[in-house]
Amino acid sequence: MKKCNVIFSATMIAVFSVVAFANEPDLNSNPFLAEHSAQPQGAQVFSFTETPIELHEHDKINTAQDTGYLRLALETKTNGFALVDTSQIKDIEKVIAEHKNGHELFLRTLKPEIMAAQSIADQTNLSQQFAGDTVALDNILLQQEFTVMSKTVGGNFIAGSGWDQLTQIVKNDTFGTVIIKMFSFSQSSGVYIDADAVNYYVNSNPGVLYVLKDNSDNVYTSLSWADQKQSYSIGLEKNINDIGLAGRFKTLITSM
């Protein structure tokens, strides 16, 4: 299955296939044009405002013409947070519940069918395996004394490697509850990052950071970024730009 994710906001959104990674936006390779046919792998930064966008109907999971996310990214970069209505602040417990319900549905429906199509060796050895590399993440979670509340894999199965998506719910005294998601690229999958929303870098890799805050000081931070092999997202109910958190948060994400 060919797959792509797009970082419009902190959420990775499956839309289309992708082209190889570039440090600068390629304004002539809009992957969402109807006539676009290239389907290589990886991650690329692309400016959606420089080129007209024509999405196929089945690709309109989240339309790129909705540019409200650009304001949030700019305000986060300029002010350290974006002031929003309370309705835009995520309740992390609801997010976790939605993930749990979705994963249970996946286990009942898609997973048995997907695994049945795999080799006996993969069914035996990789049915619970994430295809990507989690050694660095596991080490930093241990160093920062996180408790892993749940760890689930799913998405698409990469033959000989495992599942391409990993979600961990972790918790410590500093950050509270944190949702960490990783997506491992196969030979036909990857992400596009909207160049106009990029406002943060993790180990020189472009990302999109939102710190959303309402008038009652409720806060939700989300950050998504990608390197050559994987994409990452992290969400928590803290302002990671606060002086007391910024350093430890930087250490956490750069060590993943």
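Throughout, read-outs are computed from the coordinates displayed, never taken from laboratory work. Small disclaimer: the values here were computed from a predicted structure and weren't measured. All Cβ positions, glycine included, derive from the backbone under ideal geometry; neighbour counts span all protein chains shown.
Observations, loosely collected:
- Filtered residues of segment 94-113 (kept if in contact (Cβ under 8 Å) with a residue 60 or more places away in the chain and under 21 Å from Glu237 (Cα atoms)): Val95, Ile96, His99
- On inspection, Val170 fails the criterion of being more than 25 Å from Ile96 (Cβ to Cβ), crowded, with 18+ Cβ neighbours inside 10 Å, β-branched (Val, Ile, Thr) and in contact with a strand residue (DSSP E or B) (Cβ under 6 Å, 6 or more places away or on another chain).
- Scanning segment 198-255 for residues that are of a type in the set (Lys, Arg) and out of contact with any Asp or Glu (no Cβ under 9 Å at 6 or more places or on another chain) yields Lys213, Lys238, Arg248, Lys250.
- Selection within segment 68-93 - of a type in the set (Phe, Trp, Tyr) and in a helix (DSSP H, G or I): Tyr69
- Evaluation of Ala136 against (1) within 24 Å of Gln44 (Cβ to Cβ); (2) in contact with a strand residue (DSSP E or B) (Cβ under 9 Å, 6 or more places away or on another chain) (one fails), failing number: (2)
- Verdict on Ala226 being in contact with a helix residue (DSSP H, G or I) (Cβ under 6 Å, 6 or more places away or on another chain) and in contact (Cβ under 8 Å) with a residue 40 or more places away in the chain: no
- Segment 229-256, residues that are assigned to a helix (DSSP H, G or I), touching a residue at least 60 places away in the same chain (Cβ under 8 Å) and of a type in the set (Ser, Thr, Tyr): Thr251
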